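Engineer: Quick one: the structure is below, questions incoming.
Read-outs: derived from the displayed coordinates by stated rules, not from any lab. Remember, predicted model here, so these are calculated numbers, not experimental data. Ideal geometry is used to build each Cβ from the backbone, glycine not excepted, and the neighbour counts take in all protein chains shown.
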Amino acid sequence: MGDLELGKRYTWEQVIEAYPGKWARMSECVLGYGQSIVNGILEGIYTDSEMSSVQAEIWQAKSKDLMRRTTSGMAIGVIECLNAKMGVEDETGSGRSFGRT
């Protein structure tokens, strides 16, 4: 872990593999779908406690560098379902359903 050299271009996958659970500062990024980083120049690696001060520095300098977290500690996903149903209930249990059933 942590064997990438600052100032060199790497793919985002290389950065994730080398620094899981960290914040990466990248410059001259090539962006993919949804503003995801395809590759860029690695400028720094930071912990959660360092992130806010580095982000403030980037904003103050009006830099185009991007800060992204390499991995997240929570599981997030999207479920595709043809027969999804969503509802809202109050404390009594009565409520309304929305969508197709």
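Engineer: Between LEU4 and GLU50, what is 0.36 nm times their sequence separation minus the Cα-Cα distance? Round to one decimal in nm.
Structural biologist: Result: 14.6 nm gained on full extension.
Engineer: Mark the label point 7 Å from the Cα of GLU13 along Cα→Cβ and return the residues of segment 30-45 whose backbone N is within less than 15 Å of it.
Structural biologist: Correct set: 32-33, 37-40.
Engineer: Let me understand segment 1-63 better: what is its radius of gyration from the alpha carbons, and its Dmax, in angstrom?
Structural biologist: 11.6, 31
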